[in-house]
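These notes are about the structure you will find just below.
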Amino acid sequence: MLLTSRSNDQRQQIKAAYKKAYGKDLVSALKSELGGLFESLIVALMTPPTLYDASQLQKALKGAGTDDDVLIEILASRTGEQIKDITKVYKNEFSAKLEKDICGDTSGHYQKLLVILLQVEKRGGLLGSLFLSLLLQDLYAAGEGKFGTDEETLIKIIGNRSAEHLRKVFDVYKKLAGSEIEDGIRGETTGNLEDLLLAVVKCARSVPDYFAECLYKCMRRAGTDDSTLMRIMVSRSEVDMLDIRASFQKKYGASLHTTIQVLIYISKYTDVYDTSVPERAGHLIYRMQSRVP
């Protein structure tokens, strides 16, 4: 299909050329001819990446109940500069402040960590061994057995550090505690805070690995999580999809190609699998991950 063989920048040029030639908005014209998930996918492909992220966050916050999975995925995985741009676009498009909307829909330490992740500047660089040791002692003191009483120390340390810095923190923590930091988080936290902390840690280790896991989980349920599948495929198609594909193959012993093909087959030829993925939407998603940026 024409749209999947073009970059987002090229799709914006096509949209502008269409309006100049016909005096109509291309997205509106497409929406009038489409419907359901296929329409949503086409609209997503025609949306600039930063605006797409901002609109996904706005939808997550303003819908019927907060979609915490979307908040966690986007805020844990985007760079500081991307967060800065998303915040600016959010304000321009929706006449609202992202931080204020998040605070209105969340609470507690989960809210605090989300707000910290919204801040662009992260501490990083190579630290002296003494300072790093003191930092990790604080983290361990706030860790296993004490998360419930000192979660604030944990979220400040994890939320305020660059990915490079966090990887060093994790290494020293493992030497100090004798276990991975993920084990401590799972053992001592629950709910949205646990999910957000784990997402930040996973993204600090490897963003492609994080998204490979998200894709696997959204396709292995009894009924595909279509919105997550579409959001990841659209947002990562020109960023790190090749790395995500390689990670998926390594982690799960199957290619992302094959997994999506099986999804298409099941949705087309059986009524056992409860999914709303139309055949052409599935094929479009398949082509998106096949394209080399």
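Overview of values
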| quantity | calculated |
| --- | --- |
| In the stretch 148-170, the residues that are more than 15 Å from residue 180 (Cα to Cα) and either at pLDDT 75 or above or open to solvent by less than 10 Å² (accessible area, probe 1.4 Å) (or both) | 151, 152, 155, 156, 157, 159, 160, 161, 162, 163, 164, 165 |
| Selection within the stretch 31-49 - surrounded by fewer than 18 Cβ atoms within 10 Å (Cβ to Cβ) and either free of Cβ contacts under 8 Å to residues at least 60 places away in the same chain or of a type in the set (Lys, Arg) (or both) | 31, 32, 33, 34, 35, 39, 43, 48 |
| The stretch 65-94, residues that are open to solvent by 50 Å² or more (accessible area, probe 1.4 Å) and aromatic (Phe, Trp, Tyr) | 94 |
| Residue under evaluation residue 204, criteria (1) closer than 17 Å to residue 4 by Cβ; (2) open to solvent by less than 30 Å² (accessible area, probe 1.4 Å), criterion not met | (1) |
| Test: residue 62 is at pLDDT 95 or above, open to solvent by 60 Å² or more (accessible area, probe 1.4 Å) and among the basic types (Lys, Arg) | no |
| Flag for residue 97 being surrounded by fewer than 17 Cβ atoms within 10 Å (Cβ to Cβ), at pLDDT 95 or above and basic (Lys, Arg) | yes |
| Where a residue in the stretch 179-200 is not assigned by the TED database to the domain that holds residue 72 and its partner, wherever it lies, is outside any helix (DSSP H, G or I) and exposed (fewer than 14 other Cβ atoms within 10 Å of the Cβ), with Cβ under 8 Å and at least six apart | 188/145; 188/148 |
| Count - residues of the stretch 83-99 that are closer than 9 Å to residue 51 by Cα and of a type outside the set (Asp, Glu) | 3 |
| Candidate set: the stretch 218-242, residues that are in contact (Cβ under 8 Å) with a residue 40 or more places away in the chain and of a type in the set (Asp, Glu); chosen: the one most open to solvent (accessible area, probe 1.4 Å) | 238 |
| Residue in the stretch 95-103 that is in contact with a Ser or Thr (Cβ under 7 Å, 6 or more places away or on another chain) and within 30 Å of residue 160 (Cβ to Cβ) present | yes |
| Matching option when the condition is buried (at least 22 other Cβ atoms within 10 Å of the Cβ) and at pLDDT 95 or above, among 212, 246 | 212 |
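The values are calculated or read from the model by the stated rules, or taken from the named source; none is laboratory data. This one's a predicted model, so the numbers in the text were calculated from it and none came from an experiment. Reconstructed Cβ throughout: ideal geometry from the backbone, glycine too, with neighbour counts over all protein chains shown. Heads up: the accessible areas ignore ligands, DNA and RNA and are worked out on the full protein's heavy atoms, side chains in. Shrake-Rupley method; radii C 1.70, N 1.55, O 1.52, S 1.80 Å.
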